[in-house]
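Colleague: This is the structure I have questions about; it appears just below.
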Amino acid sequence: MLDEGRLPPEAEVYHVVALALHSQMHDANTREIELKFTFDDPELFKRKLGKGSGKVDLLKEIYDRSMKTFNEARYCSRFMRPFMEFERVKVDIMIFDDQQMPLHNIVYTIAEQGYDNRPSNIYSIVPELATYKGNGKLTPSYLKKLIAAAQKERA
């Protein structure tokens, strides 16, 4: 349905994220959960996708989902000690072009950064996204520019 453009508009982003999430691994020894996403269509990051009665940027949805995973993992850890406890969520987002060549790779780790365990946004808890490659926040609009530059370089 995604390939044919027949997804219900209110559920578009959920299906796109679910299709791209090909690995969700947990490792009790390292206390990490790893989320790996692969996207074969960079255009998905250049437009807003349907979510409920509105629309959302795909990158923002991934941020929200990874923060939710982190918060749920920390909450569940309270009840699974000493058998299992999670401290970090590692996220790997690989974006390919239409020729299946790597276009951009985003990797970040969500972990507690001190006493305040209820961060207001992902940038306050993930320093590598707040100063992405030394150029400021990795926002949806900044990612669009990075993808466009990589595509232009390939052309």
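Colleague: Take Ala148 and tell me if it is modelled with pLDDT of 90 or more, of a type outside the set (S, T, N, Q) and either over 20 Å from Val17 (Cβ atoms) or touching a Gly at 6+ places or on another chain (Cβ under 8 Å) (or both).
Modeller: For Ala148, the condition - modelled with pLDDT of 90 or more, of a type outside the set (S, T, N, Q) and either over 20 Å from Val17 (Cβ atoms) or touching a Gly at 6+ places or on another chain (Cβ under 8 Å) (or both) - is met.
Colleague: Could we say that Ala155 is over 19 Å from Asp57 (Cα atoms), of a type in the set (Gly, Ala, Ser) and either under 14 Å from the mean Cα position of the chain (by Cα) or exposed (fewer than 13 other Cβ atoms within 10 Å of the Cβ) (or both) here?
Modeller: Values: over 19 Å from Asp57 (Cα atoms): yes; of a type in the set (Gly, Ala, Ser): yes; either under 14 Å from the mean Cα position of the chain (by Cα) or exposed (fewer than 13 other Cβ atoms within 10 Å of the Cβ) (or both): yes.
For Ala155, the condition - over 19 Å from Asp57 (Cα atoms), of a type in the set (Gly, Ala, Ser) and either under 14 Å from the mean Cα position of the chain (by Cα) or exposed (fewer than 13 other Cβ atoms within 10 Å of the Cβ) (or both) - is met.
Colleague: Quick check on my filter: what residues within the range 17-33 are of a type in the set (A, V, I, L, M, F, W, C) and assigned to a loop (DSSP other than H, G, I, E, B)? Please lay out each step first, then the result.
Modeller: Filtering the range 17-33 down to residues of a type in the set (A, V, I, L, M, F, W, C) leaves 17-21, 25, 28, 33.
Within the range 17-33, Ala28 is the sole residue that qualifies.
Colleague: When the range 42-94 is examined, which residues are found to be touching a residue at least 12 places away in the same chain (Cβ under 8 Å), of a type in the set (A, V, I, L, M) and out of contact with any Ser or Thr (no Cβ under 9 Å at 6 or more places or on another chain)?
Modeller: Selection gives Leu44, Leu49, Val56, Leu58, Ile62, Met67, Ala73.
Colleague: I'd like the residue in the range 137-152 that is of a type in the set (Lys, Arg) and part of a helix (DSSP H, G or I) and, out of all such residues, is nearest to Leu59 (Cα to Cα). If you could, list the steps in order and put the result at the bottom.
Modeller: First pass over the range 137-152, keeping only residues of a type in the set (Lys, Arg): 137, 144-145, 152.
When the remaining residues are screened for being part of a helix (DSSP H, G or I), the result is 144-145, 152.
Details: Lys144: 10, Lys145: 13, Lys152: 21 Å.
The residue in question is Lys144.
Colleague: Additional query: Scan the range 55-64 and tell me whether some residue there is among the aliphatic types (A, V, I, L, M), loosely packed, with under 15 Cβ neighbours inside 10 Å and under 12 Å from the mean Cα position of the chain (by Cα).
Modeller: So the first thing to find is which residues in the range 55-64 are among the aliphatic types (A, V, I, L, M), and the list is 56, 58-59, 62.
Then drop every residue that is not loosely packed, with under 15 Cβ neighbours inside 10 Å, which leaves none.
Scanning the range 55-64 turns up no residue that is among the aliphatic types (A, V, I, L, M), loosely packed, with under 15 Cβ neighbours inside 10 Å and under 12 Å from the mean Cα position of the chain (by Cα).
Colleague: A further question on this structure: Scan the range 65-86 for residues that are buried (at least 16 other Cβ atoms within 10 Å of the Cβ) and of a type outside the set (A, V, I, L, M, F, W, C) and jot them down. Walk me through how you get there before you give the answer.
Modeller: Narrowing the range 65-86 to residues buried (at least 16 other Cβ atoms within 10 Å of the Cβ): 65-67, 69-70, 73-74, 86.
Arg65, Ser66, Thr69, Arg74, listed by residue number.
The values are calculated or read from the model by the stated rules, or taken from the named source; none is laboratory data. Because the structure is a prediction, the values reported are computed rather than measured. For neighbour counting, all protein chains shown are included, and Cβ atoms are generated from backbone atoms with ideal geometry for every residue, glycine included.
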